[in-house]
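The values are calculated or read from the model by the stated rules, or taken from the named source; none is laboratory data. Because the structure is a prediction, the values reported are computed rather than measured. All Cβ positions, even for glycine, are placed from backbone atoms using ideal geometry, and neighbour counts span all protein chains on display.
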Amino acid sequence: EIVLTQSPATLSVSPGESVTLSCRASQSVHNFLAWYQQKPGQAPRLIIHEASIRATGIPARFTGGGSGTDFTLTIGSLEPEDVGVYYCQHRGDWPLTFGGGTKVEIK
Amino acid sequence: EVQLVESGGGLVRPGGSLRLSCAASGFTFSTYSMNWVRQAPGKGLEWISYISSGSTSIFYADSVKGRFTISRDNAKNSLFLHMNNLRDDDTAVYYCASDRRSGWPDNFFGSWGQGTRVEVSS
C-alpha cells in the first residue's frame, strides 16, 4: 500500500498570503496524484489532478506541482473561502489512498 | 448538472447489515466508474471500493474486503454498497464518488454526493 504523508497538519494564514501544502508518497506515484478541498460540513471537491492540472472551475490561485514522491499544492493568495481541509490522493496502485489532510485556517 | 444522492444510512448494531444506495443523474452513469469513500467522525478520507462502468472490475480496501459488496444497476443509474458484519469502526459518512472522466477511468474522484451517515453501535 502506498502511504501518503501530508504536512503540516495545520496551517494558519492571513488572507492574501501564499501557502504551500506538502504531500509525500512512500514510493513513486509518477504524476498520478490529485488534491481535494473539503470545506466544513461539505463533501470533498477535486481541485488538482495529474499533480498539476486544475479541475474545471478551479481558480488560478491553486497550483499543483511535483512528481515521483514529492508534491505540493500552493494557494497563491489565500481567500477566506479557501479554509478547509486539503487531501492528496494517489492512483498509482490499488488500494487508492489519501493523505491524512492539512487543515488551512484563517489567522 | 451532475447529482449523486446517497441513501440508506442509519444506526445498526455490531454484526448487522445495511445497504447503501447512490442515485445518479445529470450524466451518462453507465460510462463512468464509481467508488465509495468513507470518512469516520473527525477523521480523514478512506477509499473503500471501486466498480468499473460495466461491473467487470471491482476492488476493495482490505478493511472491508469480504464484508462489503459493491454493485451497480446502469439501467436505474444506481450504485449500491451492501455492508455485512458491521463493526464499530465502520461508523462513518459514506460518499459515492464518480470517476473524473467517462470511458477509461483515471481513478480520481470528479463528483461526490453529500454522503449518508452510518453509525454502528450497540
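Within the stretch A:14-30, is there a residue that is under 24 Å from B:GLY113 (Cβ atoms) and either assigned to a loop (DSSP other than H, G, I, E, B) or within 14 Å of chain B (Cβ to nearest Cβ) (or both)? Within the stretch A:14-30 (the criterion being under 24 Å from B:GLY113 (Cβ atoms) and either assigned to a loop (DSSP other than H, G, I, E, B) or within 14 Å of chain B (Cβ to nearest Cβ) (or both)), the answer is no, since none of the residues qualifies. Of the residues making up the stretch B:65-112, those that are over 27 Å from B:PRO14 (Cα atoms), within 10 Å of another protein chain (Cβ to nearest Cβ) and aromatic (Phe, Trp, Tyr) are B:PHE108, B:PHE109, B:TRP112.
Residues being of a type in the set (A, V, I, L, M), within 8 Å of another protein chain (Cβ to nearest Cβ) and in contact with an Asp or Glu (Cβ under 9 Å, 6 or more places away or on another chain): count how many of those fall in the stretch A:31-52.
From the stretch A:31-52, those of a type in the set (A, V, I, L, M) are A:33-34, A:43, A:46-48, A:51; that's our starting set.
After this cut, where a residue has to be within 8 Å of another protein chain (Cβ to nearest Cβ) as well, the list is A:34, A:43, A:46.
Still in the list and also in contact with an Asp or Glu (Cβ under 9 Å, 6 or more places away or on another chain): A:34.
Adding up the residues that qualify gives 1.
Matching residues to (1) of a type in the set (S, T, N, Q); (2) touching a Phe, Trp or Tyr at 6+ places or on another chain (Cβ under 8 Å); (3) closer than 23 Å to A:VAL29 by Cβ:
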| position | (1), (2), (3) |
| --- | --- |
| B:GLY16 | no, no, no |
| B:LEU45 | no, yes, yes |
| B:SER49 | yes, yes, yes |
| B:LYS65 | no, no, yes |
| B:ARG72 | no, yes, no |
| B:MET83 | no, yes, no |
| B:VAL93 | no, no, no |
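Can you confirm whether the stretch A:66-85 contains a residue that is within 12 Å of chain B (Cβ to nearest Cβ) and within 13 Å of the chain's Cα centre (by Cα)?
yes
Would you pick out the residues in the stretch B:1-48 that are closer than 18 Å to B:SER102 by Cα and among the polar types (S, T, N, Q)? Of everything in the stretch B:1-48, those that are closer than 18 Å to B:SER102 by Cα and among the polar types (S, T, N, Q) turn out to be B:GLN3, B:SER25, B:THR28, B:SER30, B:THR31, B:SER33, B:ASN35.
For the condition surrounded by 14 or more Cβ atoms within 10 Å (Cβ to Cβ), outside any strand (DSSP E or B), modelled with pLDDT of 95 or more and within 12 Å of chain B (Cβ to nearest Cβ), what is the one hit in A:GLY100, A:GLY57? Steps first, please.
Numbers: A:GLY57 fails: surrounded by 14 or more Cβ atoms within 10 Å (Cβ to Cβ).
None of the other options fit; the residue is A:GLY100.
Does the stretch A:66-74 include one or more residues that are in contact (Cβ under 8 Å) with a residue 60 or more places away in the chain and buried (at least 16 other Cβ atoms within 10 Å of the Cβ)? Scanning the stretch A:66-74 turns up no residue that is in contact (Cβ under 8 Å) with a residue 60 or more places away in the chain and buried (at least 16 other Cβ atoms within 10 Å of the Cβ).
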